[in-house]
Amino acid sequence: MRAIYPGSFDPATEGHLDVARRAAGLFDELVVAIGINPSKTGRFPVIDRVRVLTSALRDLPNVSVATFSGLLATYCRNNEIDLIIRGIRNKEDLRHEVPMAHMNQHLSGIDSLFLPASAETVFISSTVVMSTGDHK
């Protein structure tokens, strides 16, 4: 079974890597996919995000890193992806992710699997990482 773990990964955090590693153990293949939104400027160039994720996950032979733009459902359909993985830290994440899961299921028939953040990473977010780094 092929699964996808999509996100902006801007920056990739230990929480993202934890979810990717745990998901990699559940599926034959996992694509960690960086979504590109042309109307948004990321904090880090996409090429750097690809490099960081590829390096951090290089010990997992069934994991690849890719980029996509447009609808996730379209990417999944075009790349024979069976399942979408989403990490959930709290009820706000769940409130945001459930409607997206419904829409992806409606558009492409693909289901989503929510993995709860591990206790060690539940309080990590890209926003917190960046704001902490800004004050050094």
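The values are calculated or read from the model by the stated rules, or taken from the named source; none is laboratory data. No experiment lies behind these values; they were computed from the predicted model shown. As a convention, Cβ positions derive from the backbone with ideal geometry for all residues, glycine included, and neighbour counts pool all protein chains shown.
Scanning segment 32-56 for residues that are β-branched (Val, Ile, Thr) and either surrounded by 13 or more Cβ atoms within 10 Å (Cβ to Cβ) or within 19 Å of GLY87 (Cβ to Cβ) (or both) returns VAL32, ILE34, ILE36, VAL46, VAL50, VAL52, THR54.
Residues in segment 5-14: is at least one of a type in the set (Val, Ile, Thr) and touching a Ser or Thr at 6+ places or on another chain (Cβ under 9 Å)?
Let us first name the residues in segment 5-14 that are of a type in the set (Val, Ile, Thr), namely 13.
Checking which are touching a Ser or Thr at 6+ places or on another chain (Cβ under 9 Å) leaves us with 13.
Checked against the condition, which is being of a type in the set (Val, Ile, Thr) and touching a Ser or Thr at 6+ places or on another chain (Cβ under 9 Å), segment 5-14 yields at least one hit.
Of all residues in segment 47-73, those that are charged (D, E, K, R) have Cβ atoms under 7 Å from Cβ atoms of residues that are surrounded by 13 or more Cβ atoms within 10 Å (Cβ to Cβ), 6 or more apart or on another chain, in ARG49/PHE9; ARG49/ASP10; ARG49/ALA12; ARG49/ILE34. Would you confirm whether or not segment 120-135 contains a residue that is of a type in the set (D, E, K, R), at negative phi and modelled with pLDDT of 95 or more? No.
Counting only residues that are over 17 Å from ALA117 (Cβ atoms), among the β-branched types (Val, Ile, Thr) and surrounded by fewer than 17 Cβ atoms within 10 Å (Cβ to Cβ), segment 57-103 holds 2 of them.
Kindly indicate the residue of segment 104-113 that is of a type outside the set (Asp, Glu) and exposed (fewer than 14 other Cβ atoms within 10 Å of the Cβ) and also nearest to ASP82 (Cα to Cα) among those meeting that condition.
Filtering segment 104-113 down to residues of a type outside the set (Asp, Glu) leaves 104-110, 112-113.
Going one step further and asking which of them are exposed (fewer than 14 other Cβ atoms within 10 Å of the Cβ), we end up with 106, 109.
Values: HIS106: 14, GLY109: 9 Å.
Once the filter is applied, the top-ranked residue is GLY109.
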